[in-house]
1. Tell me the helices (runs of 4 or more DSSP H) entirely within region 49-147 that contain at least 3 residues that are closer than 16 Å to residue 5 by Cβ.
2. Any residue in region 12-35 that is within 14 Å of residue 66 (Cα to Cα), at pLDDT below 95 and touching a strand residue (DSSP E or B) at 6+ places or on another chain (Cβ under 7 Å)?
3. Would you pick out the residues in region 22-54 that are in contact (Cβ under 8 Å) with a residue 40 or more places away in the chain and surrounded by fewer than 17 Cβ atoms within 10 Å (Cβ to Cβ)?
4. Report, by residue number, each residue of region 59-82 that is modelled with pLDDT of 95 or more and more than 17 Å from residue 104 (Cα to Cα).
5. One residue is enough: does region 120-142 have a residue meeting the conditions surrounded by fewer than 18 Cβ atoms within 10 Å (Cβ to Cβ), under 19 Å from residue 19 (Cα atoms) and in contact with a strand residue (DSSP E or B) (Cβ under 8 Å, 6 or more places away or on another chain)?
6. Just a yes or no: is a residue in region 55-71 surrounded by fewer than 13 Cβ atoms within 10 Å (Cβ to Cβ) and without any contact (Cβ under 8 Å) to a residue 40 or more places away in the chain?
7. Could you grab me the full set of residues in region 12-48 that are part of a strand (DSSP E or B), within 26 Å of residue 136 (Cα to Cα) and in contact with a helix residue (DSSP H, G or I) (Cβ under 7 Å, 6 or more places away or on another chain)?
């Protein structure tokens, strides 16, 4: 099982690294790929095809007009989690391109890198007892933070 983090451009590298750091805490393998639904759609399709027969969750990271998340979701049977980086431009409203999808296209939208990793962990926890234990421990720690 692996998370495949597809970023729309190398500018998203630091944001993607935050996701990866949290995936590591759950013991989840990951790899980065860079491809744009707008500029390199054939490359996106190649990445999807490479992983279609494997147990993966795709995390898509693209800002502005986030076609990447919908494009990936429409072309795979695997779960897709859209985690667009927040932008002050347009008062953050560019996130709407991640929320409104056509029928039959359903990427989940999770705005925080830590929570995107948690969503992947919960999906993998359905099959992996080790990851389930890590999720339970994470939840316990979060409850202790509250007091």
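The values are calculated or read from the model by the stated rules, or taken from the named source; none is laboratory data. All of these numbers come straight from a predicted model, not from anything done at the bench. Positions of Cβ are backbone-derived with ideal geometry, glycine not excepted, and every protein chain shown enters the neighbour counts.
1. 67-74, 113-124
2. Within region 12-35, one or more residues are within 14 Å of residue 66 (Cα to Cα), at pLDDT below 95 and touching a strand residue (DSSP E or B) at 6+ places or on another chain (Cβ under 7 Å).
3. Across region 22-54, the qualifying residues are 25, 27, 54.
4. Within region 59-82, 59, 60, 61 meet the criteria.
5. no
6. Looking for residues that are surrounded by fewer than 13 Cβ atoms within 10 Å (Cβ to Cβ) and without any contact (Cβ under 8 Å) to a residue 40 or more places away in the chain, one finds none in region 55-71, hence no.
7. 30 - this is the single residue of region 12-48 that is part of a strand (DSSP E or B), within 26 Å of residue 136 (Cα to Cα) and in contact with a helix residue (DSSP H, G or I) (Cβ under 7 Å, 6 or more places away or on another chain).
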